[in-house]
Amino acid sequence: MIEHRSYHYFDNTLTYTNDCEQRSSLTPILMKIFSSKQLYEADKVTIEKEGIPSYNLMERAGGYVYEWMHKRLQGQPVPIKVFCGIGNNGGDALVIARLLLKNGYNVDTYIVDCNDKRSTDFLKAYEALKNEVKKWPEIIKGVENFPEISPQDIVVDGIFGIGLNRCPEDWVKALFVKINESKAYTLSIDIPSGMYADRGLEKDDIVVHSTFVLSFMSPKLAFFLPETGKYINMWDTIDIGLDPEYLATTPTDVKLISKPEIQQMYKGRSQYTHKGMFGHSLIIGGSFGKMGAVQLASKAALRAGSGLVTAYVPQIGVPILQTALPEVMVETDNFNGKVFEEIDFQTEANAIAIGPGMGTDEKTVAAMESFLKSQKAPLVIDADAINIIAKRPALMKQVPALSILTPHPGELERLVGKWDDDFDKLEKTAKFAKNHNVIIVIKGAHTITVYDMQLYINTTGNPGLSTAGTGDVLTGVITGHLAQGYHPMEAAMMGVYFHGLAADVAVNQYGIEGLIAGDVTEFLGRAVMSLFEKPEQEGAQAPPQQ
């Protein structure tokens, strides 16, 4: 059958070098995620530069998908059902069907005849198939024409592509349901049918559930968002030969962060170093019953490489921190209470995080207000510190520029307001971050770092992170990098990447359900080490997946 490849790994995906675009020293070469408009423009530029008919691109795209399938199937007689729309995505699917049939595969082809507007290149692909093979497509005009689909089939979904701009008719949605209920292995071409590339879904929308998506040139933003990404099990990109200069010089608002980008940011250490050269992290937080949050964040900052770490906690937390973390220094307020009544420390820190386990008591709110007025350097703001700001929005004026906020979905909603869908959430978050000149880390299955109207999507992590305390660990990891002198954007992206990668390593030992926050901290060093591991030679035993 067709090979499965996890969507977490990107070592073989395309990374476009953009030598023409001005970049600052903190911006590495990133894998871009293009909008549908940009991809259409790439098609146009390619056609003009190469002096070829647009149909040639369809032949090229369909040919590359056929080669991808043939490499994995190797002539197996598995039943293949190819569903084609009547636009260019359907034309791609017709090319795939024709090549499969010509090479002896067991293929049935179906035209989903949903309206009278057929693209010119679709008609050319239709004629080519009829001229070259004997087995012509069947026409589907309604539910009465639906074929049977079994779990043993391979379904090639080429019904709608990135050009979908309106809800399909009811009978077409019924076909999507039939494909989904069949449990067949479903390979979607470029994007699952029914999904929009650049906007969210409506209440009654139905999407094909894709076992695998072969996305042309780059993944789509929709692949990484909770409301739409759930319809995709795995995906990969496929190069269909669009103009490399256009792809290299065209800026995008969305980029992926994976191993090559983090390697470029990473600063090694020489032999003649000492703890004072790697920064002092200060973690402010904790309250009665919630000292574990500060403990997790403080230990994570150490594991992330901070030379020194101090925890600033209410006095009730001193014996806990001193016992649990002998490597961490402790300061307290001057009140013998269970919550903060002031934030007044002596530590000269290179990076400060505030919020884990802090609570939202009125005394704590007043202490935080006073603290913010005295701060000039970027902060890492998490948990209850975000909740306090959400309750008192005027406090955002006191937050230093380039501070890093790390909300979970509920905290984010309290901060930026309700949203209609995930695309609206990103837009609201980006505008909020821009207006206040801060960095926002949207925690989730694909954590997204937002700054200056740009989105940076992380590629590590797994569902094992859905457990108490992992957000506190992330706060510590980001703070530890910030203390070492990394630019706040680098600290955010590296922190998110290593946090997710440590979970990917740890899950091989503990399993998804068994993973706890402390495990992530323990595997941070292993995650950093993996940055520079050489790939195993062919024939050697493969290491555990990360």
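Give me the residue from segment 64-116 that is among the small types (Gly, Ala, Ser) and either out of contact with any strand residue (DSSP E or B) (no Cβ under 8 Å at 6 or more places or on another chain) or open to solvent by 20 Å² or more (accessible area, probe 1.4 Å) (or both) and, out of that set, farthest from residue 147 (Cα to Cα).
75
Restricting attention to segment 227-266, and to residues there that are polar (S, T, N, Q) and touching a Pro at 6+ places or on another chain (Cβ under 7 Å), which single residue is least open to solvent (accessible area, probe 1.4 Å)?
Among those that are polar (S, T, N, Q) and touching a Pro at 6+ places or on another chain (Cβ under 7 Å), it is 237.
Of the residues 372, 395, 402, 415, which is closer than 25 Å to residue 490 by Cβ, in a helix (DSSP H, G or I), open to solvent by 10 Å² or more (accessible area, probe 1.4 Å) and modelled with pLDDT of 95 or more?
Within the list 372, 395, 402, 415, the selection yields 415.
Could you tell me which residue of segment 280-319 is surrounded by the fewest Cβ atoms within 10 Å (Cβ to Cβ), considering only residues that are out of contact with any Ser or Thr (no Cβ under 7 Å at 6 or more places or on another chain) and polar (S, T, N, Q)?
Selected residue: 287.
Give the residue, chosen from 227, 202, that is in a helix (DSSP H, G or I) and closer than 29 Å to residue 451 by Cα.
227
Could you list, in sequence order, the residues of segment 165-183 that are hydrophobic (A, V, I, L, M, F, W, C) and surrounded by fewer than 21 Cβ atoms within 10 Å (Cβ to Cβ)?
Within segment 165-183, 167, 171, 174, 177 meet the criteria.
What residue, of 359, 337, 307, is in contact with a strand residue (DSSP E or B) (Cβ under 8 Å, 6 or more places away or on another chain) and among the small types (Gly, Ala, Ser)?
Exactly one of 359, 337, 307 is in contact with a strand residue (DSSP E or B) (Cβ under 8 Å, 6 or more places away or on another chain) and among the small types (Gly, Ala, Ser), namely 307.
What pairs come up if the first residue lies in segment 337-356 and is in contact (Cβ under 8 Å) with a residue 40 or more places away in the chain and at positive phi, the second is part of a loop (DSSP other than H, G, I, E, B) and among the hydroxyl-bearing types (Ser, Thr, Tyr), and their beta carbons are under 9 Å apart, counting only those six or more places apart or on different chains?
355/406
State yes or no: is residue 286 touching a Gly at 6+ places or on another chain (Cβ under 8 Å), in a loop (DSSP other than H, G, I, E, B) and either closer than 25 Å to residue 388 by Cα or touching a residue at least 24 places away in the same chain (Cβ under 8 Å) (or both)?
So residue 286 fits the description; yes.
Give just the number: which of (1) at pLDDT 95 or above; (2) touching a strand residue (DSSP E or B) at 6+ places or on another chain (Cβ under 9 Å); (3) assigned to a helix (DSSP H, G or I); (4) under 15 Å from residue 357 (Cβ atoms) does residue 302 not satisfy?
Evaluating residue 302 over (1) at pLDDT 95 or above; (2) touching a strand residue (DSSP E or B) at 6+ places or on another chain (Cβ under 9 Å); (3) assigned to a helix (DSSP H, G or I); (4) under 15 Å from residue 357 (Cβ atoms) leaves (4) as the failure.
Being within 28 Å of residue 147 (Cα to Cα), polar (S, T, N, Q) and assigned to a loop (DSSP other than H, G, I, E, B) is the requirement here; does residue 218 meet it?
no
Within segment 434-441, identify whether any single residue is part of a helix (DSSP H, G or I), closer than 26 Å to residue 358 by Cβ and either touching a residue at least 24 places away in the same chain (Cβ under 8 Å) or among the acidic types (Asp, Glu) (or both), and answer yes or no.
yes
The values are calculated or read from the model by the stated rules, or taken from the named source; none is laboratory data. Keep in mind the model is a prediction, meaning the values are calculated, not measured. Every residue, glycine as well, gets a Cβ built from its backbone with ideal geometry; the counts of neighbours run over all protein chains shown. Just so you know, the surface numbers come from the protein's heavy atoms only, side chains and all, with ligands and any DNA or RNA stripped out. Shrake-Rupley method; radii C 1.70, N 1.55, O 1.52, S 1.80 Å.
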